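Engineer: Below is the structure I would like to discuss, written out as structure tokens.
The values are calculated or read from the model by the stated rules, or taken from the named source; none is laboratory data. Just so you know, these numbers come straight off a predicted model, no measurement behind them. Backbone-built Cβ (ideal geometry, glycine too); neighbour counts: all protein chains shown.
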Amino acid sequence: MQIEILLGLKDVPGMLVKALEPISRGGGNIVTVYHSRGSGEVVDVNVVFKVKDQKTLEGVLDSLKGDGIQVKSVKAEGHRYYSKRSISFILIGHVIDQDIQDTIDRINKLGLVRGVDVNMSDPTRESAVMMYVDVDEDKAQDLMKAITQISAKKNFMLIREVTS
Amino acid sequence: MKDVRLIIVGFGKIGRGVAETILQKRQIMEEIGLNLKVVAVCEMKGCAVDPNGVDLKGLLEGKVRWGARKTLDVIREQDADVVVELTPGNIETGEPGLSHIKEALQVGKNVVTSNKSPLVVAYKELMELAKKNGVTLRFEATVGGAIPLINTFERELKANKARNIYGILNGTTNFILSKMIEEGVDFKSALKEAQDLGYAETNPDYDVKGIDTAAKVVILANSMLGMNIKLKDVKVEGIERITPEAVELAKQYGFVIKLVGDVAGREVSPRLIPEDHPLNVGGSLNAVQVETDIAGNITLIGRGAGPKETSSAILSDIIAVAEKN
């Protein structure tokens, strides 16, 4: 299957080779490399390669992770590939007033807040906020614990998914 | 034809429902070779006793006089095979049902009950007492009303190990949340409607604060997951704080909010359930999903309360006891 990954590489010499090596080592057959130099310290590199199956892909992703290469996104056959887990939850309370930026920052320490949606009919009343967060499978439990703690401290009612 | 002599303790809505069902189902019971003979019915005001069979129809119509014998004495002294304990219980003490059940087990009588409280307070103690006295204690009716959950698992899924159980176990809160989801009303209006229709008590705390669901979580944890927990071990959050805004937001993302008992997690809390998930049941229905190691997920849906529905579970337990002995 065809895989497209977006890598965030430090702009230092030899970095690109270092990033591509785990892909071929792990059994990926590189098709194209697209290198876009931005203005910051991190260069985005888009790599398209082929693997024979999902297991090989997981192996490649593990090697990249092991080598400290940042993988920003993965697409398999054009669809988003979830090596991470996506967690959704609703908070009820004075979520905005209780420093929503701080809430997001704290969650971002463990995962990535992909979306925040606020439903507030009256500023004096409690609002409802939907958040969805991407998190590594092995950090999911810590993340839920952190969200539970934040909710207790800021007096939010936390409504999480049934199987989380 | 085998006589199964019953002592019914508690003649409120549930007790009367069971009596009516026994009368109604007499023929089917005979077809399976059982003659259910109620030898005593006890209530707060006294006991009606007749070794040849109490006149249930007369009792239901208020034509039979209640004798002065005390419930515990009748349980102890009256010859019978099964004590059917149907009193409402105090969740803190388990009484009066706890004393009734203990007495019955101690004198070697099987017990079938719909009463959660004694099991929540003293599950392990009661099961040990039953074992010691060579009798059985069955309680299908305590969780999920008519849904054959505990018995299905015990008999038909014997080779399986249950890993977790998630349940919508309280009809009142499910009715309220279903109203909020379907009509966008707030909690208070939905509760008011539930009360007007008789789905919720005047004091709805026991249901809406999640205590009833927590009691059922304790029973399922102890009976199906082999745990040994009490009510205090369950983290409980009710549904009072859920707003129409939250319900609407959940909907936009393809979820519904339901009060879920998470048995292995020892938790009762409102959760997001995907709209197309089997646990998403409307109205006052109950639903239970058991995660098993071989069979995968099994979901059962049905009516969680009501005298008739409860009677179905009670009769199932009585038959199970009769078939065992």
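Engineer: Scan the stretch B:221-245 residue by residue and report those that are charged (D, E, K, R), touching a Phe, Trp or Tyr at 6+ places or on another chain (Cβ under 9 Å) and more than 10 Å from chain A (Cβ to nearest Cβ).
Structural biologist: Quick first cut of the stretch B:221-245, residues charged (D, E, K, R) only: B:230, B:232-233, B:235, B:237, B:240-241, B:245.
Then drop every residue that is not touching a Phe, Trp or Tyr at 6+ places or on another chain (Cβ under 9 Å), which leaves B:230, B:240-241.
Hit for the stretch B:221-245 is B:K230, nothing else.
Engineer: Now a separate question. Test B:L191 against the criterion of being in contact with a helix residue (DSSP H, G or I) (Cβ under 9 Å, 6 or more places away or on another chain), closer than 20 Å to B:L72 by Cα, free of Cβ contacts under 8 Å to residues at least 60 places away in the same chain and not basic (K, R), and give yes or no. It would help to see each step written out before you state the result.
Structural biologist: Numbers: in contact with a helix residue (DSSP H, G or I) (Cβ under 9 Å, 6 or more places away or on another chain): yes; closer than 20 Å to B:L72 by Cα: no; free of Cβ contacts under 8 Å to residues at least 60 places away in the same chain: yes; not basic (K, R): yes.
Taking the combined requirement at face value, the residue does not satisfy it.
Engineer: Among the listed residues B:N203, B:N110, B:N170, identify the single one that is of a type in the set (S, T, N, Q) and surrounded by fewer than 21 Cβ atoms within 10 Å (Cβ to Cβ).
Structural biologist: Numbers: B:N110 fails: surrounded by fewer than 21 Cβ atoms within 10 Å (Cβ to Cβ); B:N170 fails: surrounded by fewer than 21 Cβ atoms within 10 Å (Cβ to Cβ).
When all the criteria are applied, what remains is B:N203.
Engineer: Can you list the strands (runs of 3 or more DSSP E) found entirely within the stretch A:97-164 that contain at least 1 residues being away from chain B (no Cβ under 14 Å) and in contact with a helix residue (DSSP H, G or I) (Cβ under 9 Å, 6 or more places away or on another chain)? Lay out the reasoning, then the answer.
Structural biologist: Numbers: elements: A:112-119, A:127-136, A:157-160.
Fully inside the stretch A:97-164 and qualifying: A:112-119, A:127-136.
Engineer: Taking only pairs six or more apart or across chains, which ones have beta-carbon atoms under 7 Å, a first residue in the stretch A:9-22 that is small (G, A, S), and a second residue that is assigned to a loop (DSSP other than H, G, I, E, B)?
Structural biologist: A:A19/A:I69
Engineer: Across the stretch B:282-307, what is the number of residues that are more than 13 Å from chain A (Cβ to nearest Cβ) and either within 21 Å of B:G145 (Cβ to Cβ) or without any contact (Cβ under 8 Å) to a residue 24 or more places away in the chain (or both)? Even if it seems obvious, please write down each step before you answer.
Structural biologist: Looking only at the stretch B:282-307, we keep the residues that are more than 13 Å from chain A (Cβ to nearest Cβ), and these are B:282-286, B:290, B:292-296, B:298, B:300-307.
Next, from what is left, pick out any that are either within 21 Å of B:G145 (Cβ to Cβ) or without any contact (Cβ under 8 Å) to a residue 24 or more places away in the chain (or both): B:282-286, B:290, B:296, B:298, B:300-307.
Residues meeting the conditions: 16.
Engineer: Does A:I87 satisfy the criteria of being modelled with pLDDT of 90 or more, closer than 18 Å to A:D134 by Cβ and touching an Asp or Glu at 6+ places or on another chain (Cβ under 9 Å)?
Structural biologist: Criteria met by A:I87.
Engineer: How about the stretch B:7-28: which of its residues are touching an Asp or Glu at 6+ places or on another chain (Cβ under 9 Å) and surrounded by fewer than 22 Cβ atoms within 10 Å (Cβ to Cβ)?
Structural biologist: Of everything in the stretch B:7-28, those that are touching an Asp or Glu at 6+ places or on another chain (Cβ under 9 Å) and surrounded by fewer than 22 Cβ atoms within 10 Å (Cβ to Cβ) turn out to be B:G12, B:G17.
Engineer: While we're here: Identify the single condition in (1) outside the structural domain of A:K50 (by TED's automatic domain parsing); (2) farther than 19 Å from B:E240 by Cβ; (3) surrounded by fewer than 17 Cβ atoms within 10 Å (Cβ to Cβ) that A:M144 does not satisfy, given that it satisfies every other one.
Structural biologist: (3)
Engineer: Next up: Kindly indicate whether A:P22 is in a loop (DSSP other than H, G, I, E, B), at pLDDT below 90, outside the structural domain of A:K145 (by TED's automatic domain parsing) and over 19 Å from A:D138 (Cβ atoms). Outline the logic, then answer.
Structural biologist: Details: in a loop (DSSP other than H, G, I, E, B): no; at pLDDT below 90: yes; outside the structural domain of A:K145 (by TED's automatic domain parsing): yes; over 19 Å from A:D138 (Cβ atoms): yes.
In short, no.
Engineer: Go through B:K63, B:K131 for me and flag whichever is in a loop (DSSP other than H, G, I, E, B) and surrounded by fewer than 13 Cβ atoms within 10 Å (Cβ to Cβ).
Structural biologist: B:K63
Engineer: Under the condition of being in a strand (DSSP E or B) and surrounded by fewer than 15 Cβ atoms within 10 Å (Cβ to Cβ), which residue from the stretch A:25-45 is nearest to the chain's Cα centre (by Cα)? Reasoning before the result, please.
Structural biologist: Here is the first cut: in the stretch A:25-45, the ones in a strand (DSSP E or B) are A:29-36, A:42-45.
Filter again for surrounded by fewer than 15 Cβ atoms within 10 Å (Cβ to Cβ), leaving A:29-32, A:34-36, A:42.
Values: A:N29: 25, A:I30: 24, A:V31: 25, A:T32: 24, A:Y34: 21, A:H35: 21, A:S36: 21, A:V42: 17 Å.
Step by step, filter the stretch A:25-45, then rank; the result is A:V42.
Engineer: Give, as residue ranges, the strands (runs of 3 or more DSSP E) completely inside the stretch B:224-325 that count at least 1 residues that are in contact with a strand residue (DSSP E or B) (Cβ under 8 Å, 6 or more places away or on another chain), outside the structural domain of B:A19 (by TED's automatic domain parsing) and among the polar types (S, T, N, Q). Walk me through it before giving the result.
Structural biologist: Numbers: elements: B:255-262, B:267-274, B:285-292, B:297-303.
The qualifying strands (runs of 3 or more DSSP E) are B:267-274, B:285-292, B:297-303.
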